[in-house]
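Single-structure report; data block below.
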Amino acid sequence: MTVPSLRCADCGATYADRWRCECGHPLDYESPPLPDGPAPDPAAFDSRAGLWSFGEFLPESPLVTLGEGTTPLVDADEWDAQFKLEYVFPTGSFKDRGATTVSRAAALGVDTLVEDSSGNAGAAIATYAARAGIDAEIYVPASVKDTKLRAIRRAGATPVKTEGPRQATTDACVGAVEAGAGWYASHAWNPAFFAGTATVAYETALQRDWTAPDAVVLPLGHGTLFLGAYRGFRALREAGWIDDLPRLLGAQAAGSAPFVEALHGARAAAGDNDAADGIQIPKPVRRDQILDAIGDTDGDAIAIGRDAVEAELADLHARGFYVEPTCAVAPAALRAYRERGVLTGDEDVVVPLTGSGLKT
Ligand SMILES: [Zn+2]
């Protein structure tokens, strides 16, 4: 089987496979696939294969799947937006889109996967590794929620707890990868993960008859979904299936908001939000790519505090959206963007709801 090769956008080096470039930068596909023909009729589009229905855009082959994808897009009148229910996935979060990484690992004949995660990505990688019969070691912060840890353990993966902040977990994991512990299925580094998360854009556009919304408000930590959505909408525009890119508006956790700091200064990024444990990322790996995505889409980033998240979470639950606290950051940000006039209120907005409340 041919496994697509990787390239460093920074120095131009190419590799059959590697977790990062020798120069230290993240790698991406050397030639990401694009369909030739016109957009298929939305009414006739066969989405029974879930996200793999968009195989023309996906570099990897569907070797490992649990039928993930085609999540619902529903009206959320109280928010004057559409919600994409990304918590409706086999492991309860959008991270299953990135399980395309496990298909790459299977194509490469990998024995052991290694990943670091605050919970959702670890559960996704552990679960799809179980499906593939591949061993997995998942590095997690000692503060990880028991329910997320249980999902990792029950899938037969080995959780490795690390003390200290979230970054310490990544550092320990990278150390293990460098020491030969296994193949790094990182949701921050591995380009297969972003090829998978790009499918959120294909599905959203299809569900709207090949139109992009005016804006998408997304949680922004490592930018797994943010950058994936950007790449997906760009690929759709390049293929001629949509006309315009949506504005991509990030929602960060106050106190861990490096993009807000880069765009608006330290004061705008300050505060506290340990409720949003899934996106407390001080050093995002693909920082430059994400800043470019914000620039290219007339996007922005905003920091949301704990109180706003808790209030939003209560509203979401009361309206039937049973999501986890990190997920409430994006709808809370939608409110804040409108209050600040970044959004006027006339736009057509989509907000992905990223993780299930059943794991918290
Ligand atoms: Zn390089």
**OP:** Taking the residues in the stretch 274-323 that are part of a helix (DSSP H, G or I) and touching a Gly at 6+ places or on another chain (Cβ under 6 Å) as candidates, determine which candidate is surrounded by the fewest Cβ atoms within 10 Å (Cβ to Cβ).
**Re:** Ile290
Original post:
Of all strands (runs of 3 or more DSSP E) completely enclosed by the stretch 133-236, which ones contain at least 2 residues that are of a type outside the set (S, T, N, Q) and in contact with a Pro (Cβ under 8 Å, 6 or more places away or on another chain)?
Top reply: 135-141, 215-219
Original post:
Name the pairs whose Cβ atoms lie under 6 Å apart, with the first residue in the stretch 335-360 and over 24 Å from Tyr87 (Cβ atoms), the second of a type in the set (Lys, Arg), and 6 or more positions between them or separate chains?
Top reply: Gly345/Arg338
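Applying the selection to the stretch 1-12, what residues are surrounded by 15 or more Cβ atoms within 10 Å (Cβ to Cβ) and within 13 Å of the ligand (Cβ to nearest atom)?
Within the stretch 1-12, the first condition is being surrounded by 15 or more Cβ atoms within 10 Å (Cβ to Cβ), and the residues that meet it are 3-8.
Result: Leu6, Arg7, Cys8.
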Original post:
What are the pairs, 6+ residues apart or on separate chains, where a residue within the stretch 1-15 that is assigned to a loop (DSSP other than H, G, I, E, B) has its Cβ under 6 Å from a residue that is away from the ligand (no atom under 14 Å from the Cβ) and not charged (D, E, K, R)?
Top reply: Met1/Ala107; Val3/Ala107; Val3/Leu108; Pro4/Tyr29; Pro4/Pro59; Ser5/Ala16
**OP:** For residues that are open to solvent by 80 Å² or more (accessible area, probe 1.4 Å) and either of a type in the set (Gly, Ala, Ser) or under 22 Å from the mean Cα position of the chain (by Cα) (or both), tally how many sit in the stretch 22-40.
**Re:** 3
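Table: residues versus (1) free of Cβ contacts under 8 Å to residues at least 40 places away in the same chain; (2) farther than 28 Å from Thr344 by Cα; (3) open to solvent by 10 Å² or more (accessible area, probe 1.4 Å).
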position: Gly156; (1), (2), (3): yes, yes, yes
position: Gln167; (1), (2), (3): no, yes, yes
position: Trp183; (1), (2), (3): no, yes, yes
position: Ala188; (1), (2), (3): no, yes, no
position: Ala192; (1), (2), (3): no, yes, no
position: Val217; (1), (2), (3): no, no, no
position: Leu220; (1), (2), (3): no, no, no
position: Tyr230; (1), (2), (3): no, no, yes
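Just for the stretch 17-54: of the residues that are among the small types (Gly, Ala, Ser) and in contact with a helix residue (DSSP H, G or I) (Cβ under 9 Å, 6 or more places away or on another chain), which one is farthest from the ligand (Cβ to nearest atom)?
Let us first name the residues in the stretch 17-54 that are among the small types (Gly, Ala, Ser), namely 24, 31, 37, 39, 43-44, 47, 49-50, 53.
From the residues that got through so far, the ones that are in contact with a helix residue (DSSP H, G or I) (Cβ under 9 Å, 6 or more places away or on another chain) too are 37, 39, 47, 49-50, 53.
Values: Gly37: 34, Ala39: 35, Ser47: 37, Ala49: 34, Gly50: 33, Ser53: 33 Å.
Taking the candidates together, the pick is Ser47.
Could you please find all residues in the stretch 288-322 being within 23 Å of Tyr230 (Cβ to Cβ) and touching a Ser or Thr at 6+ places or on another chain (Cβ under 9 Å)?
Our first condition is that a residue be within 23 Å of Tyr230 (Cβ to Cβ); within the stretch 288-322, this holds for 288-304.
The answer is Ala303, and nothing else.
Each row is one residue, and each column tells you yes or no for (1) part of a helix (DSSP H, G or I); (2) open to solvent by 30 Å² or more (accessible area, probe 1.4 Å).
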| position | (1), (2) |
| --- | --- |
| Arg18 | no, yes |
| Pro42 | no, yes |
| Leu51 | yes, no |
| Val64 | no, no |
| Val74 | no, yes |
| Lys95 | yes, no |
| Val114 | no, no |
| Ala121 | yes, no |
| Ala130 | yes, yes |
Original post:
Which of the residues belonging to the stretch 253-273 are free of Cβ contacts under 8 Å to residues at least 40 places away in the same chain, in a helix (DSSP H, G or I) and in contact with a strand residue (DSSP E or B) (Cβ under 9 Å, 6 or more places away or on another chain)?
Top reply: Pro258, Glu261, Ala262, Leu263, His264, Ala268, Ala269
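The values are calculated or read from the model by the stated rules, or taken from the named source; none is laboratory data. The shown structure was predicted, so the numbers you read here are calculated from the model rather than taken from an experiment. Cβ sites come from the backbone with ideal geometry, for glycine too, and all protein chains shown count toward neighbours. Remember, those area values only see protein heavy atoms, side chains included, never the ligands or the DNA or RNA. Shrake-Rupley method; radii C 1.70, N 1.55, O 1.52, S 1.80 Å.
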